[in-house]
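Report on the following structure.
The values are calculated or read from the model by the stated rules, or taken from the named source; none is laboratory data. Remember, predicted model here, so these are calculated numbers, not experimental data. Note that each Cβ is placed from the backbone with ideal geometry, even for glycine, and that neighbours are counted across all protein chains shown. Side chains are part of the model used for accessible areas, which takes the heavy atoms of the whole protein and leaves out ligands, DNA and RNA. Shrake-Rupley method; radii C 1.70, N 1.55, O 1.52, S 1.80 Å.
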Amino acid sequence: MSTTAPHHGINLRKVLGPIHVWGLGVGIVLVGEFMGWNFAVGKGGALAALIACWVIGLLYTCVAMIDSEVTSTVAAAGGQYAQAKHIVGPLMAFNVALYLVLAYTMLEAGNAFVAADLLKTVAAQMGHPDLDSRPFVVLVITSLAWLNYRGVFESLTFNYVITAVAFVSILVLFWGVQPFSDVSLLRHADLLTGLPYGWIGVIASLQFGMWYYLGIEGTCQAAEECRSASRAIPLGTMTGMITLVIAASLTWYMAAGLMPWEYLGQAYTPLYDAATLTGSVGLKIFLFVGTLFSTLASANGCINDAARAWFSLGRDRYMPPWFGAVHPRYRTPFRSILFLIPIAVVFAWQVPLDGVITFSILAGLLGYTFMSFNVVRFRQLWPLGSIKRGYVHPFHPLPAAVLFMLCLTVFFATFLGYADYLISILVFFMLASVWFHLHRYKFVKRGEQFTMPWPRPRGY
Amino acid sequence: MMDFWNVLEYAAWGISGGLMLWMLIDALRVGAEHDADALISSREGSDELLAFQEPTP
């Protein structure tokens with residue numbers, strides 16, 4: 001019988017439960033309900049956005065199920081990186097970690113930019129149109145990084161609370177538009193005008209449909225800090241996914257019933273606009289708070305996840321081991337958190353928002369595509385019964401096959417609108433892979449990478 | 001004359017700078033007071049599930 005030997009080094013603190021995992025996953029994503037998803041409406045009309053909501057919901061349900069099974073056994077910071085390292089190999093693990101770090105850091109930068117821009121909008125409405133948003137971008141990034149530096153329990157408890165407030169604001173808005181009343185404000189019969197660009201518009205809308213759920217897989221990064229990863233990760237991820245399907249469906253229902261698709265497809269803050277249309281000052285203020293909290297929750301979760309991925313790379317010497325340090329008092333990956341602050345600030349100041357969004361979507365898609373291969377290989381190497389799993393996803397290999405087909409479809413959708421981004425990101429990762437193979441892999445301690453106390457894989 | 005929003009801008013710069021400085025000083029202090037190998041001694045996590053593996057078939 002193989003057992004885990006006690007280790008007395010300075011480790012990350014195991015303090016998280018399912019609610020923190022829920023707060024992390026939903027917190028990263030929920031901003032997508034407040035803004036971003038509605039560009040799917042611009043691509044194919046309101047009905048196309050609803051189809052995208054549910055089709056991409058299926059894609060992410062597959063992601064959540066597969067992630068829950070694998071992460072409940074690979075309880076390591078780095079999430080999908082650690083999974084790829086154990087199941088496939090170093091080159092894929094390096095690529096996965098790199099796009100985790102870049103995607104989360106860019107998403108963090110985008111959120112900080114939006115939070116500062118919301119403040120700028122308020123200042124303009126109060127007679128100060130030329131507010132400099134740069135100090136507020138830096139304030140959001142440094143204050144949340146400081147919170148992360150001081151402890152994972154504090155930062156993810158904060159995330160849980162502000163995410164819950166943002167989610168409640170969506171529920172309150174739904175109640176405010178009186179959907180079941182005779183005097184309801186919703187006008188679906190007048191505003192739903194079919195598919196203006198036909199079925200190709202539906203395909204094109206899938207890219208922005210990702211925005212309803214993008215980032216829920218970030219729950220895996222918390223695995224090493226959970227009191228019981230085998231329980232907390234599946235529970236937090238699955239309840240998070242259910243929360244997001246509810247939030248996405250309600251969001252679409254309200255926005256599509258209040259605004260014509262031509263406006264909705266290019267609106268900046270559609271849920272806040274919906275609250276404005278109700279005429280209620282209270283709802284308007286609450287939705288503003290919800291929007292702001294959702295951007296802060298997303299930025300905070302992204303800092304947490306990017307730092308864990310970068311820390312894991314340092315710990316395994318894929319990057320200099322200096323980054324793999326844990327703070328002796330706060331038990332956080334403090335050097336990784338610090339290192340990523342200036343990078344996030346530069347992204348927020350220099351990279352256009354649509355570029356950030358598209359890059360994040362593509363990085364996520366690459367990860368999900370690999371995930372479908374990962375889980376098939378995982379089940380081949382360690383069949384059911386050979387190792388204990390905290391969760392076993394049903395109907396294998398159907399979810400993996402569905403995930404792969406849906407990823408290919410969304411790649412095609414992205415190619416329709418952002419072929420240059422797609423090609424750029426693929427070239428970037430190819431060059432990074434060559435660099436890793438030629439210059440970095442020689443520093444990796446190959447024998448120490450496989451850390452899980454599993455039996456020898458089948459066939460080896 | 002500075003209005004409320006100008007004060008807020010300077011306050012944001014000031015708080016950001018203060019927090020950044022705090023983290024930098026703390027990180028340098030930790031690096032100076034602790035052995036470098038001890039700081040990077042963490043190992044990938046294990047769960048209670050993993051401590052009781054089934055016998056290898």
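How about the stretch A:63-115: which of its residues are in a loop (DSSP other than H, G, I, E, B) and under 25 Å from A:F395 (Cα atoms)?
First pass over the stretch A:63-115, keeping only residues in a loop (DSSP other than H, G, I, E, B): A:72-79, A:88-89.
Those that are in a loop (DSSP other than H, G, I, E, B) and under 25 Å from A:F395 (Cα atoms): A:S72, A:T73, A:V74, A:A75, A:G79, A:V88.
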Checking A:W261 against (1) surrounded by 21 or more Cβ atoms within 10 Å (Cβ to Cβ); (2) without any contact (Cβ under 8 Å) to a residue 60 or more places away in the chain, which test does it fail? (2)
So which residues in the stretch A:116-144 are open to solvent by less than 20 Å² (accessible area, probe 1.4 Å), of a type outside the set (A, V, I, L, M, F, W, C) and part of a loop (DSSP other than H, G, I, E, B), if there are any at all? A:H128
Exactly one of A:F404, A:F411, A:F395 is more than 14 Å from chain B (Cβ to nearest Cβ), free of Cβ contacts under 8 Å to residues at least 60 places away in the same chain and not in a helix (DSSP H, G or I), and that one is A:F395
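Can you name the residue in the stretch A:145-166 that is within 14 Å of chain B (Cβ to nearest Cβ) and of a type in the set (A, V, I, L, M, F, W, C) and, of all such residues, is most open to solvent (accessible area, probe 1.4 Å)? Can you show your working first?
Of the residues in the stretch A:145-166, the ones within 14 Å of chain B (Cβ to nearest Cβ) are A:145-152, A:155.
Next cut, of a type in the set (A, V, I, L, M, F, W, C) only: A:145-147, A:152.
Working: A:A145: 2, A:W146: 75, A:L147: 37, A:V152: 6 Å².
Among residues in the stretch A:145-166 that are within 14 Å of chain B (Cβ to nearest Cβ) and of a type in the set (A, V, I, L, M, F, W, C), the one most open to solvent (accessible area, probe 1.4 Å) is A:W146.
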If we scan the stretch A:50-69, do we find a residue that is farther than 23 Å from A:G390 by Cα, more than 18 Å from the chain's Cα centre (by Cα) and of a type outside the set (V, I, T)? yes
The one condition A:F293 fails out of (1) open to solvent by less than 10 Å² (accessible area, probe 1.4 Å); (2) under 21 Å from A:G36 (Cβ atoms) is (1)
Take A:V177 and decide whether it is in contact with a Gly (Cβ under 9 Å, 6 or more places away or on another chain), within 12 Å of chain B (Cβ to nearest Cβ) and surrounded by 18 or more Cβ atoms within 10 Å (Cβ to Cβ). no
Taking only pairs six or more apart or across chains, which ones have beta-carbon atoms under 6 Å, a first residue in the stretch A:224-240 that is of a type in the set (D, E, K, R), and a second residue that is assigned to a helix (DSSP H, G or I)? A:E225/A:V152
Starting from the stretch A:67-81, take each residue that is in contact (Cβ under 8 Å) with a residue 24 or more places away in the chain and facing chain B (nearest Cβ under 7 Å) and list its partners that are open to solvent by 10 Å² or more (accessible area, probe 1.4 Å) and acidic (D, E), counting only C-beta distances under 6 angstrom and pairs at least six apart or across chains. A:A76/B:E44
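Return the only residue of B:A27, B:A11 being open to solvent by less than 50 Å² (accessible area, probe 1.4 Å), assigned to a helix (DSSP H, G or I), facing chain A (nearest Cβ under 7 Å) and at pLDDT 95 or above. Full working, then the answer.
Working: B:A11 fails: facing chain A (nearest Cβ under 7 Å).
Matching residue, one of B:A27, B:A11: B:A27.
Restricting attention to the stretch A:322-351, and to residues there that are in contact with a Lys or Arg (Cβ under 7 Å, 6 or more places away or on another chain) and modelled with pLDDT of 90 or more, which single residue is surrounded by the fewest Cβ atoms within 10 Å (Cβ to Cβ)? First the steps, then the outcome.
First pass over the stretch A:322-351, keeping only residues in contact with a Lys or Arg (Cβ under 7 Å, 6 or more places away or on another chain): A:322-325, A:330-331, A:333, A:349.
Then drop every residue that is not modelled with pLDDT of 90 or more, which leaves A:322-325, A:330-331, A:333.
Details: A:W322: 14, A:F323: 22, A:G324: 23, A:A325: 26, A:Y330: 19, A:R331: 19, A:P333: 30.
Within the stretch A:322-351, the match that is surrounded by the fewest Cβ atoms within 10 Å (Cβ to Cβ) is A:W322.
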Sole miss for A:D354 among (1) buried (at least 22 other Cβ atoms within 10 Å of the Cβ); (2) under 21 Å from the mean Cα position of the chain (by Cα) is condition (1)
Take the stretch A:108-155 and flag every residue that is closer than 22 Å to A:Q221 by Cβ, in contact with a Ser or Thr (Cβ under 8 Å, 6 or more places away or on another chain) and free of Cβ contacts under 8 Å to residues at least 60 places away in the same chain. A:S143
Going residue by residue through the stretch A:256-269, is there one that turns out to be out of contact with any helix residue (DSSP H, G or I) (no Cβ under 9 Å at 6 or more places or on another chain), within 23 Å of A:L107 (Cα to Cα) and β-branched (V, I, T)? no
Would you mind finding the one in A:G301, A:G279, A:G265 that is more than 24 Å from the chain's Cα centre (by Cα) and either among the polar types (S, T, N, Q) or away from chain B (no Cβ under 14 Å) (or both)? A:G279
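Residues checked against (1) touching a strand residue (DSSP E or B) at 6+ places or on another chain (Cβ under 8 Å); (2) of a type outside the set (S, T, N, Q); (3) under 25 Å from A:A112 (Cα atoms):
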| site | (1), (2), (3) |
| --- | --- |
| A:M319 | no, yes, no |
| A:A325 | no, yes, no |
| A:R329 | no, yes, no |
| A:R335 | no, yes, yes |
| A:I341 | no, yes, yes |
| A:V346 | no, yes, yes |
| A:D354 | no, yes, yes |
| A:T358 | no, no, yes |
| A:L365 | no, yes, yes |
